[in-house]
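Accompanying notes for the structure given below.
Laboratory data are not the source of any read-out in this text; all were calculated from the coordinates shown. For clarity, every value in this text was computed on a predicted model and none was experimentally measured. A quick note on method: Cβ atoms are made from the backbone with ideal geometry, for glycine too, and the neighbour counts reach across all protein chains shown.
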Amino acid sequence: MLDKSRLLNIYRKMLEIRYFEEKVFELFGRNLIPGTIHLYTGQEAVAVGVCLALHPQDYITSTHRGHGHAIAKGARLDRIMAEILGKKTGYCKGKGGSMHIADFDVGMLGATAVVGSALPIASGAGLSIKLRGTSQVVACFFGDGASNQGTFHEGINMAAIWNLPVLFVCENNFYAMGTRQSSVMLIENIAERAVAYGIPGITVDGNDVLAVYEAALKAAKRAREGKGPTLLECRTYRQRGHSRFDAATYRPKEEVEAWLKKDPLKRFQAKIIDMGIIKMDEVYQIEQDVIKILEDAVIFAMESPFPEPAEALKDIYA
Amino acid sequence: MRQITYAEALNEALHEEMERDEKVFILGEDVGRFWQGAFKVTKGLAEVFGNERVRDTPISESAIIGVAIGAAITGMRPVAEIMFGDLTTLAMDQIVNQAAKLRYMFGGQTKVPMVVRTPFGAGVSIAAHLSQSFEAWFMHVPGLKVVVPSTPYEAKGLLKTAIRDDNPIMFLEHKLLYPIKKEVPKEEYLIPFGKADIKREGKDVTIISTLFMVHKALAASEILANDGIDVEVVDPRTLLPLDKNALINSVKKTGRVVIVSEDCKTAGVGAEIAALIAEEALDYLDAPIIRVSEPDTPIPFSPILEQFVIPDERRISNAVKKVVH
Ligand SMILES: Cc1ncc(C[n+]2csc(CCOP(=O)(O)OP(=O)(O)O)c2C)c(N)n1
Ligand SMILES: [Mg+2]
């Protein structure tokens, strides 16, 4: 079992993501965020559980729904927020935005808006680890929708044949925009596809952060021992619409309600209170801390300048 | 000076760079010890550097490039081989959206030092799926560099530069060039990007051409010399960056331009170069610019059809005569 400080840290990270996303939602409503947003609300246990199993020098790759991945890997809230607002102080100097958060200093190799495109790139990072002879691993996050791309097959197969240290983390939230998983694949568990590559495929409750952590830890250990990749399917649910103004009316009410009852944050909070690890006043204290750093992050982002227009001409070539 | 083939020159460049820098490695379909590359460019390298650094891949073009990108952004310097230029289309997302854009999208946090080697070109009757030339597509992608070596000398010097460059490089070869044997110094040398080479000096007309078309332009120039027309042949050597000064200086000297390229005419290499000259050197032109290229068709199979579409000495000569008279 994890010690108290790590358990509190899990709670704190999940809360950071939850509050961050709710703040983004609010700012978006106030018309302060250009473009679109894809919120991670409801899926926090996946990013936090997986990243908890990683070391600081390990890598992750991310998706259009990537704020949570970045936060879980240790990126700063203020610089993510600044990027989302298109500010000069953002991680990408305003050139990436919500869908392209990256922080190479913490091993966050960036988020992609081309669904499924990061799988081969994650395998490449895995190959690089192998060739350089370090003990790092890569966690590659992607959705149920992404698992129907050709890159899923090509990327996982290549990692499998070369025993690369990659965790392919499929966040099955059962929808790709309005498309239900069951209408675009005949299997129920995406992890079953691992059989085709001769690697372990594991399905876990993606709203149970400790279950995700344990599965990821096992996969990471295996990867570090040179035994190759794992396909880890985390079943979860996005609590908000796909993007922007999507009210997600294509999802049955009962389904949404059932999943809200399985909210990963509330479940974990209840668990650590039940176990006597944490008292209500400590919960309250963590909440206040998170609210405070988030407030600071928003102030930082709002007060940061926009980039000079000519910034658009930079960083094309190294 | 000793003479080696274009394929051997590429092989030497790979060999030397892999010896110099252990971060350099090769991946691609059948590049390893059994086949040694579809055009034998990687011959003998697996024996010297091992299967880890000369890596046979499954037939997965998209993942070949994606894996190269992932390795490049985490400290390696991959050289990916795509067996035929046409097949880069299967990896277009990885080349265009990922390799070329990652540095920019991430605000300069990363760099993508990788080379994609692939052969373009028609002339060996392998039909429409394995013969097209679309260098121009890659010229349209900021973040990429596009290299087009026409001789063994260029092949070696430019590939070494490409491997040391910190950006994604499309290194476009030509199938008919592999067996061509010419002088290549034994001593180490590099050829900088963005520096055109004057393959033949002349004062009457400038022919701008690349890859295999350089050789056809030179052959046409010899024929034209007999008619008293003194042709200058300029080879840009890299299309992105493009040595605008060298092209414009030659135009200033001759006042007449023919652009020869082995791609479709519409929106091709010639279109870009012609527009550039029109923008920056129109006053020096004494005749309209002529493009000699393939017609806008896929490459046909039967030799008689294929030869009909590929620019040849006769078409080049006719174009030159037209701008001179
Ligand atoms: C290759 C590609 N096709 C389509 C889109 C448009 N698109 C953006 S997100 C999305 C759904 C992705 O679903 P999934 O992979 O399950 O991730 P989720 O949004 O559920 O997190 C689609 C179709 C895209 N960005 N990229
Ligand atoms: Mg989904």
Between helix B:244-254 and chain B: long-axis angle, C-alpha atoms, 0 to 90°, nearest 10: 20
Separation of alpha-carbon centers, segment A:263-295 and segment A:143-214, rounded to whole Å: 30
Top positive-direction residue, dipole computed over segment A:1-114 with Cβ charges, set A:SER62, A:MET1, A:LEU52: A:SER62
Segment A:187-214 residues near the modelled A:LYS271 label - backbone nitrogen below 20 Å, point 7 Å along Cα→Cβ: A:202-214
Across A:LYS130/B:LYS111; B:LYS199/B:LYS321; B:LYS195/B:LYS322, pairs whose alpha-carbon gap is larger than 26 Å: B:LYS195/B:LYS322
Other-chain or far-sequence residues with amide H under 5 Å of B:THR206's (modelled H): B:GLU232, B:ARG256, B:VAL257, B:VAL258
Spacing of the two label points (7 Å from each Cα toward its C-beta) at B:GLU22 and A:ILE316, in nm: 3.8
Charge dipole (chain A, unit charges on Cβ, about Cα centre) - positive-most of A:ALA72, A:LEU265, A:ILE199: A:ILE199
Cut-off 11 Å (backbone N to label point 7 Å along Cα→Cβ of A:PHE306), residues of segment A:20-40: A:34
Within a Gaussian network of chain A (alpha carbon springs, distance under 10 Å), most fluctuating of A:VAL298, A:VAL50, A:VAL166: A:VAL298
Order of A:ARG65, A:ARG76 under a 10 Å beta carbon neighbour criterion, fewest first: A:ARG76, A:ARG65
Segment A:107-121 and segment A:31-106: distance between their alpha carbon centers, rounded to Å: 12
Cα gyration tensor, segment A:171-233 - rounded (a/c under 1.5), prolate or oblate: oblate
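Which pairs break 27 Å Cα to Cα here: B:LYS160/B:LYS252; A:LYS73/A:LYS266; B:LYS175/B:LYS252; A:LYS4/A:LYS87; A:LYS23/A:LYS261; B:LYS101/B:LYS182? Before the final figure, lay out the partial values.
On the way: B:LYS160/B:LYS252 32 Å; A:LYS73/A:LYS266 22 Å; B:LYS175/B:LYS252 34 Å; A:LYS4/A:LYS87 37 Å; A:LYS23/A:LYS261 22 Å; B:LYS101/B:LYS182 37 Å.
Those over the limit are B:LYS160/B:LYS252; B:LYS175/B:LYS252; A:LYS4/A:LYS87; B:LYS101/B:LYS182.
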Fewest-first ranking of A:ARG224, B:ARG103, using other Cβ atoms within 10 Å as the exposure measure: A:ARG224, B:ARG103
About the Cα centre, charge dipole magnitude for segment B:3-183 (Lys/Arg +1, Asp/Glu -1 at Cβ), debye: 260
Structure-based [θ]222 nm, the protein assembly as shown - -39500 (n - 2.57) summed over DSSP H runs of at least 4, per residue, nearest 500: -12500 deg cm²/dmol
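Charges at C-beta only: +1 for Lys and Arg, -1 for Asp and Glu. How large is the resulting dipole of chain B about its Cα centre, in Debye rounded to 20?
Details: 37 positive and 45 negative charges, 52 e Å.
So the magnitude is around 240 debye.
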Normalised contact order of segment B:3-183, rounded percent, pairs of Cα under 8 Å and 6 or more residues apart: 27
On Cα atoms only, tilt of B:269-281 relative to the major axis of chain B in degrees: 60
Rounded tilt (10° steps) of B:6-20 against the dominant C-alpha axis of chain B: 40
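With a 10 Å Cβ neighbour count serving as the proxy for reagent exposure, in which order, fewest first, do B:ARG314, B:ARG33, B:ARG2 appear? Before the final figure, lay out the partial values.
Working: B:ARG314 11, B:ARG33 15, B:ARG2 8.
Ordered from fewest to most neighbouring Cβ atoms within 10 Å, B:ARG314, B:ARG33, B:ARG2 come out as B:ARG2, B:ARG314, B:ARG33.
Pulled fully out, how much extra length does the chain show between B:GLU183 and B:ASP227, if you take 0.36 nm times their separation in residues and subtract their Cα-Cα distance?
Extra length from B:GLU183 to B:ASP227 when fully extended: 12.9 nm.
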Cα→Cβ-extended label distance, 7 Å offset, between A:THR179 and B:LEU190, nm: 4.6
Gyration tensor verdict on chain A (Cα atoms; rounded if a/c is under 1.5, prolate if a/b is larger than b/c, oblate otherwise): rounded
Whether the protein assembly as shown is rounded, prolate or oblate, judged on the alpha carbon gyration tensor where a/c under 1.5 counts as rounded: prolate
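Gain in length, B:PHE301 to B:GLU201, computed as 0.36 nm per residue apart minus the alpha-carbon separation, to one decimal in nm?
32.4 nm
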Using θ = phi - 60° and Karplus 6.51 cos²θ - 1.76 cosθ + 1.60, couplings along segment B:30-35 (whole Hz; Gly, Pro as x): 6, 8, x, 5, 7, 9
